[in-house]
Each structure stands twice: as structure tokens, then as C-alpha cells.
Amino acid sequence: MNILEIIEKKRDKKELSKEEITYFIEGYTHDKIADYQASALIMAIYLNGMTKQETTDLTIAMANSGEKLDLSSLNEVIVDKHSTGGVGDKVSLILLPLVASLGVPVAKMSGRGLGFTGGTVDKLESISGYQTDINIHNFVQNVEKIGISMISQTLNLAPADKKIYSLRDSISCVESIPLIASSIMSKKIASGAQKIVLDVTCGSGAFMQSKEKAEELAEEMIEIGRLANKETVCVLTNMDEPLGYAVGNSLEVIEAIQSLKGDMPEDVKDVVLELGAYMVKLAGKGENIEENTARLLKNIENGKAYEKFIQLVENQGGDSSYIKDINQFPKASYIENVYSQKSGYIQSMNAKEVGKIVCALGAGRIRKEDSIDNAVGIILNKKVSDKVEKEDVLVTIYANSKEKLEEAKKKLLEVIKIEEQEIERPKMILEIMK
Ligand code: URA
């Protein structure tokens, strides 16, 4: 067997065997297969797809590519959460301290930005000192000590996914059901959780643009979860416009802090509470979804979720004075408003286009080794269905280059569609699949 034969087979739309998939994953993980060969195979998978069997084999091979975390010392049901990605998606930053404040242990390995979407790790790293790459021992110890740890994929867990994830990002091969399902589920299998709640985003700012595609992805992940003996619940959520008001790393952390202090955008709240209620249920800490929602809301109101976030930041070496005083986050050099050119109601704000505009400001990567600018991004002043008057502020841009600022202004005006007719606030929770 050699990699050229495997590439050729997938290029010619043939089904790969378990042995061929394992050969590729092992070879690529240990640098025996070059990036350009892996790129060719990933592109062939992207274009020609995979059968369910191939996707399962790919997931298992990726999960087996490194260590598997044993969280049994925690003596608790560990429920993990993951999102299929979105624009303005700061849900993990709010949801995970929130459920931890209710006694649901959180051992979370997050990702970096992918394509036009942001990543929780990049956001956490905008907090000065926050260590996302701690060792396994400290990771488990943190969960034991304060009930939560949030880290990056730096441990040797599903290392094949880590390599393929950043490769896909740099060769435009992200939006693929087998690649997303295997990426997410391999990490979940390796990271030791018994149960999984997935936020399957759907719409212009998600990798799955239609509800049918999101359902297909959810079904595939639920099936992999069943085979791996990990109960999996998928919450399909709306990602047609950016989630919340902030898009950009430190701007989203600031919005998460404000949310934990009780000032949470309605759309973010809908998503956080639904996912949280299922996490509490799967953890065996509350059967009733409505009651769980009420308990989550209470822990926002009484400050316990916010306190848990501060504890998390301090425990991971972060400077919590940033959280207590958000003015400490470095500011972009240019902060300018975009004004509406007409009156009416916001009809749409294509989240993918907004994500691309924010990436172009410097918040995302073009090459996998690129560094990102945490201070840049946008704050929306209006959401879909809001009324606007001519000259109202639509959005504030945070940029570190005049040229990029001007480009963002022009593009945002094209992306934000305003018409005379009123429309309803979009529904956020589209479906629950188990
Ligand atoms: N999140 C992941 O971890 N992987 C993907 O492919 C997409 C979103």
C-alpha cells in the first residue's frame, strides 16, 4: 500500500478500506506522508465524499492517532460540548462556566478559528496569560479542583485531527460532512467524555447552509456516537446572521463577560440555555429541561457563572483583572462607525460574509502558521428584524489598518440588507436530534 494509490482511489471516486484510511492517518500523524499528499487526499475526500463506513473508519483512526484521556478519576459523568462552528460564536465561553457553576464538570478541548469562523482557543488566548496548552495532569487536576478546564488541542489527543484541521483551513476544504463529523467525533472520543452535546449550526454563517445538510451531519455524528457508546444530542441552531453583537476575538470575550454578568444578547441566550439544559440533563443533574433552564438563568443572575469564569481564568494562569476591567483589553488603532444609508428593517446580514470581513481585518488565518490580531473585529449595533433610521449606526469597526478599515466599511454596507417591510426575529433553536 502507498499514499499515491490511496489518493488515486479517492480521486477516482472509489471507496477506501479501513486499512487504507488507517495507513493515511498513521503516516500523516508521524510525518511520513507530506502535507502536499495529504492535501490532495483531503481535497479528493472533499470533492467526492465518503460512505458512512469510511467516515466511521476515519473517525476511529483519528481518535486512535494519539492518547485517549481517562477521566474516570473524576467519578462523574463527563458531558462534552462542541459546535460545528459559526460567526460570533462565543457560546462555549459563557455556557461552560455556567454549567460548571451548577456542578456539571467541564473538561473541554477547543479549537482555533477555521475558515471564516472563529475558535474558542484564539478567543481565550486574548486574555493575557491564559494558558491553553497545559499538560494532561494539570488539565484533569483543574477539573478536580474547580470543576472546569478549557484548553487547546495541544495534548496528544487526536493529533491527526489537529494536523488535518489546520491543513483543511489552509486549502479551503472545511465544508464537508465526513471531514467535519470525523474531526469533531474523533476529538470527543479521545477526550474521555461519556456523553456529548453538539451545537450543529445551520445557515449562511455555518459550514452547513441548509437545514437538510445540518440534519445529515447531525445524523452522522449521532451514529458515530452510538457506535462509540457515547450518547450524543444535537441541537440545530440558526447561524444565518452572526451570533450576538461582537465578532472578533477579544471583542467576543468582552461580550461573553458581559453576558456572564447578566447582559446577554437574546439570540446568544436562546442557544446557551438550550445547550446548557441538555448538558445538565445528560450529566444526570436534572431530568426536566425547563427546570434546568431556570436553574441556569438563576446562576447568571446570582453571579455564580461569572465567578466560575474568573476562577477558570485564574486557574489557567490568566490575568483576571482583564475580566474585572474590560478596558484592559488592547484596543484597535481605528474604531469607526458605519452608518445606515436608508431607513427600514434589517432583513439579513450574511454571517459568512461578515466572518470573511472580520478575517480580512486580521482576526483569521490565511496560512496555518499565520498569527492573528485579537483586537480587530466588529460590533453590530443592529440585528435582523431591528428597525433602523437613515444615519443610524449599523456597526462599529475595530481595525489596525486604515486600508482594511475602509474595505470593511464598504463590504459591510453591501452585506447588511435593509428593506421597508417588517420581519420577525429569527428563531434560534431549529431542532433537537438524538
Ligand atoms: N469543529 C471542528 O472541530 N472540526 C470541524 O471540522 C468543524 C468544526
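The values are calculated or read from the model by the stated rules, or taken from the named source; none is laboratory data. These numbers come from a predicted model, not from an experiment. Virtual Cβ from ideal backbone geometry, glycine too; neighbours counted across all protein chains shown. Side chains included, ligands, DNA and RNA excluded: accessible areas come from the protein's heavy atoms. Shrake-Rupley method; radii C 1.70, N 1.55, O 1.52, S 1.80 Å.
Of the conditions (1) over 26 Å from D122 (Cα atoms); (2) at pLDDT below 95, S371 clears all except one; give me its number.
(1)
Of the residues that sit in region 179-196 and are more than 10 Å from the ligand (Cβ to nearest atom) and surrounded by fewer than 24 Cβ atoms within 10 Å (Cβ to Cβ), which one is modelled with the lowest pLDDT?
Initial filter on region 179-196 (more than 10 Å from the ligand (Cβ to nearest atom)): 189-196.
Filter once more, keeping what is surrounded by fewer than 24 Cβ atoms within 10 Å (Cβ to Cβ): 192, 194-195.
Working: G192: 88, Q194: 94, K195: 96.
Result: G192.
Take T84 and decide whether it is among the polar types (S, T, N, Q), touching a Leu at 6+ places or on another chain (Cβ under 6 Å) and at pLDDT 90 or above. Write out each step before concluding.
Working: among the polar types (S, T, N, Q): yes; touching a Leu at 6+ places or on another chain (Cβ under 6 Å): no; at pLDDT 90 or above: yes.
No; evaluated as a whole, the condition is false for this residue.
Just to be sure, is L16 assigned to a helix (DSSP H, G or I), aliphatic (A, V, I, L, M) and within 27 Å of K213 (Cα to Cα)?
Working: assigned to a helix (DSSP H, G or I): no; aliphatic (A, V, I, L, M): yes; within 27 Å of K213 (Cα to Cα): yes.
No, not satisfied.
Please go through region 86-113 and give me each residue that is open to solvent by 10 Å² or more (accessible area, probe 1.4 Å) and either within 20 Å of A351 (Cβ to Cβ) or among the charged types (D, E, K, R) (or both), ordered by number.
D89, G111, R112, G113
Could you look through region 146-166, keep only residues that are more than 11 Å from the ligand (Cβ to nearest atom) and among the aliphatic types (A, V, I, L, M), and pick out the one that is nearest to I366 (Cα to Cα)?
A160
Could you check how many residues of region 68-79 are among the charged types (D, E, K, R) and either touching a Pro at 6+ places or on another chain (Cβ under 9 Å) or modelled with pLDDT of 95 or more (or both)? Show your work before the answer.
Start the filter on region 68-79 by keeping residues that are among the charged types (D, E, K, R), which leaves 68, 70, 76.
Filter once more, keeping what is either touching a Pro at 6+ places or on another chain (Cβ under 9 Å) or modelled with pLDDT of 95 or more (or both): 76.
Count: 1.
List, please: which pairs have Cβ atoms under 8 Å, are six or more places apart or on different chains, and start with a residue in region 70-91 that is closer than 16 Å to L124 by Cα and more than 12 Å from the ligand (Cβ to nearest atom) and end with one that is in a strand (DSSP E or B) and small (G, A, S)?
Filtered contacts from region 70-91: G88/A246; K90/A246; V91/S83.
So S65 clears everything in (1) within 16 Å of the ligand (Cβ to nearest atom); (2) in a loop (DSSP other than H, G, I, E, B); (3) at pLDDT 95 or above; (4) open to solvent by 30 Å² or more (accessible area, probe 1.4 Å) except one condition, right? Which one?
Condition (4) is where S65 drops out.
Given the structure, is G318 open to solvent by less than 20 Å² (accessible area, probe 1.4 Å) and over 21 Å from S83 (Cα atoms)?
Working: open to solvent by less than 20 Å² (accessible area, probe 1.4 Å): yes; over 21 Å from S83 (Cα atoms): yes.
In short, yes.
Picking from D169, D199, which residue would you name as being within 17 Å of the chain's Cα centre (by Cα), within 11 Å of the ligand (Cβ to nearest atom), among the acidic types (D, E) and at pLDDT 95 or above?
Numbers: D169 fails: at pLDDT 95 or above.
Being within 17 Å of the chain's Cα centre (by Cα), within 11 Å of the ligand (Cβ to nearest atom), among the acidic types (D, E) and at pLDDT 95 or above holds for just one of D169, D199, which is D199.
Being open to solvent by 50 Å² or more (accessible area, probe 1.4 Å) and not in a helix (DSSP H, G or I) is the filter here, so list the residues in region 129-144 that pass it.
Passing the criteria: Q131, D133, N135.
Being open to solvent by 20 Å² or more (accessible area, probe 1.4 Å) and either in contact with a strand residue (DSSP E or B) (Cβ under 8 Å, 6 or more places away or on another chain) or outside any helix (DSSP H, G or I) (or both) is the filter here, so list the residues in region 253-283 that pass it.
Scanning region 253-283 gives I254, K261, G262, D263, D270, E274, Y278.
Which members of region 226-252 meet the condition of being open to solvent by less than 10 Å² (accessible area, probe 1.4 Å), within 18 Å of K81 (Cβ to Cβ) and out of contact with any strand residue (DSSP E or B) (no Cβ under 7 Å at 6 or more places or on another chain)?
Residues satisfying the conditions are L243, G244.
Mind checking which pairs have a first residue in region 6-19 that is closer than 16 Å to K52 by Cβ and a second that is among the acidic types (D, E), Cβ under 6 Å, 6 or more apart or different chains?
As it stands, the answer is L16/E54; K18/D57, since those pairs meet every condition given.
If a residue has to be in contact (Cβ under 8 Å) with a residue 60 or more places away in the chain, of a type outside the set (A, V, I, L, M) and either outside any helix (DSSP H, G or I) or surrounded by 20 or more Cβ atoms within 10 Å (Cβ to Cβ) (or both) to count, how many in region 47-62 make the cut?
Of the residues in region 47-62, 5 are in contact (Cβ under 8 Å) with a residue 60 or more places away in the chain, of a type outside the set (A, V, I, L, M) and either outside any helix (DSSP H, G or I) or surrounded by 20 or more Cβ atoms within 10 Å (Cβ to Cβ) (or both).
Suppose we keep only residues that are of a type in the set (V, I, T) and open to solvent by less than 10 Å² (accessible area, probe 1.4 Å) within region 358-380. Which one would you say is nearest to the chain's Cα centre (by Cα)? Quick ask: steps written out before the conclusion?
Here is the first cut: in region 358-380, the ones of a type in the set (V, I, T) are 358, 366, 372, 376, 378-379.
Right, trim to open to solvent by less than 10 Å² (accessible area, probe 1.4 Å) and you get 358, 376, 378.
On the way: V358: 16, V376: 18, I378: 18 Å.
Per the stated criteria, the residue is V358.
Kindly indicate whether K324 is open to solvent by 50 Å² or more (accessible area, probe 1.4 Å), under 25 Å from the mean Cα position of the chain (by Cα) and under 12 Å from I257 (Cβ atoms). Before the answer, list the steps.
Numbers: open to solvent by 50 Å² or more (accessible area, probe 1.4 Å): yes; under 25 Å from the mean Cα position of the chain (by Cα): yes; under 12 Å from I257 (Cβ atoms): yes.
Yes; evaluated as a whole, the condition is true for this residue.
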